[in-house]
Amino acid sequence: MREMEIKDGSYEEYAQVAIKLHYEKDERERNLLVDSIKDKEIRRVLDIGCGAGQDMLPFIEKKDAFCVGIDVGEELGRIGNSLADKTGFRERIVFTRSMGEDLPFADESFDVVLCRIAITLMNNQKAIAEVSRILRPGGVFLLKTHSPQFYFGMIKRRFSSLSPRQLAYPIISLAGGTFQLVTGKYPAIEFWKGREVFQTKGTLERELRKHSMEIRRLMPDSNSEAPSYYIVKN
């Protein structure tokens, strides 16, 4: 699986790569998320960890939805606004700087929530609770995360570098995910802030049940390293 890395704190570079990859997809791939819920009325969409906002564009194109993107990187909103201007959707999309663990929105105010990998960098228990709070009953949560296999694969891919720093990152991520798997608690110490933590389907289902949500199916873009889930709030 291809790794998208942020080098030297360059969120702008990361966002530009994400936009490039989005437009390299064929039409079916670009519309995969919105087409998965074509049977529902979609008025408001939230993307947590939105990057440049490219994943929200099909919801505007096909559903005329109003979209909100949040991210911790201030520069990503600027890039997102530029992309929205280029596509002519500036009136249907807004960006705000916020954290997924503390969403600045009213209860039951969104029909769809997207979170594509970003949850690995959050306190996932708090983030899931917040998604449930702001999602309307019957609303859909399209979540893509990293499994343990992703980090084992990262170790394998990076082993030839013989760089302790390169190898330490996936090992630390595995340690954090294992702690949550065994204890049922997110590793809350400051050391883990901003570091990735994996989730298994079992740990995810456990958290979702606490907040009246359930996995209905795997999405077509799911794979062993980055499972992708169609989740519904009951």
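The values are calculated or read from the model by the stated rules, or taken from the named source; none is laboratory data. Owing to the predicted nature of the structure, the values given are computational and were not obtained by experimental measurement. Here the Cβ is made from the backbone with ideal geometry for all residues, glycine too, and neighbour counts use every protein chain on show.
Within the range 200-217, being touching a strand residue (DSSP E or B) at 6+ places or on another chain (Cβ under 9 Å) and not aliphatic (A, V, I, L, M) holds for LYS201, GLU205, GLU207, HIS211, SER212, GLU214, ARG216, ARG217. Counting only residues that are over 22 Å from GLN16 (Cβ atoms) and either surrounded by fewer than 23 Cβ atoms within 10 Å (Cβ to Cβ) or in contact with a Ser or Thr (Cβ under 9 Å, 6 or more places away or on another chain) (or both), the range 35-63 holds 13 of them. Candidates GLY100, GLY51, GLY80, GLY73: the one that is in contact with a Gly (Cβ under 9 Å, 6 or more places away or on another chain) and within 20 Å of PRO137 (Cα to Cα) is GLY100. Within the range 186-216, the set of residues being without any contact (Cβ under 8 Å) to a residue 40 or more places away in the chain, out of contact with any Gly (no Cβ under 8 Å at 6 or more places or on another chain), not in a helix (DSSP H, G or I) and not assigned by TED's automatic domain parsing to the domain that holds ASN124 comprises ILE189, LYS193. For the range 135-171, a residue qualifies if it is among the β-branched types (Val, Ile, Thr) and without any contact (Cβ under 8 Å) to a residue 24 or more places away in the chain, and the qualifying residues are ILE155, ILE171.
In the range 94-152, the qualifying residues are those that are assigned to a loop (DSSP other than H, G, I, E, B) and small (Gly, Ala, Ser), and the one that is nearest to LEU181 (Cα to Cα) is SER147. Every condition in (1) hydroxyl-bearing (Ser, Thr, Tyr); (2) surrounded by 15 or more Cβ atoms within 10 Å (Cβ to Cβ); (3) over 26 Å from SER173 (Cα atoms) is met by TYR14 except one, and the failing one is (3). Annotation: of all residues in the range 153-174 being part of a helix (DSSP H, G or I) and among the small types (Gly, Ala, Ser), the one that is farthest from GLU190 (Cα to Cα) is SER160.
Restrict the check to the range 125-137 and report whether at least one residue is more than 12 Å from LEU46 (Cβ to Cβ), surrounded by 15 or more Cβ atoms within 10 Å (Cβ to Cβ) and touching a Ser or Thr at 6+ places or on another chain (Cβ under 6 Å). No; the residues of the range 125-137 include none that is more than 12 Å from LEU46 (Cβ to Cβ), surrounded by 15 or more Cβ atoms within 10 Å (Cβ to Cβ) and touching a Ser or Thr at 6+ places or on another chain (Cβ under 6 Å).
Let's see how each residue does on (1) surrounded by 16 or more Cβ atoms within 10 Å (Cβ to Cβ); (2) more than 14 Å from ALA18 (Cα to Cα); (3) assigned by TED's automatic domain parsing to the domain that holds MET219:
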{"site": "ASN31", "(1), (2), (3)": "yes, yes, yes"}
{"site": "ALA65", "(1), (2), (3)": "yes, yes, yes"}
{"site": "ILE79", "(1), (2), (3)": "yes, no, yes"}
{"site": "THR96", "(1), (2), (3)": "no, yes, yes"}
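Considering every residue within the range 203-214, establish whether at least one is modelled with pLDDT under 95 and within 18 Å of the chain's Cα centre (by Cα). So far as the range 203-214 goes, yes, one or more of its residues are modelled with pLDDT under 95 and within 18 Å of the chain's Cα centre (by Cα). With respect to being touching a Cys at 6+ places or on another chain (Cβ under 8 Å) and modelled with pLDDT under 90, GLY51 falls outside the description.
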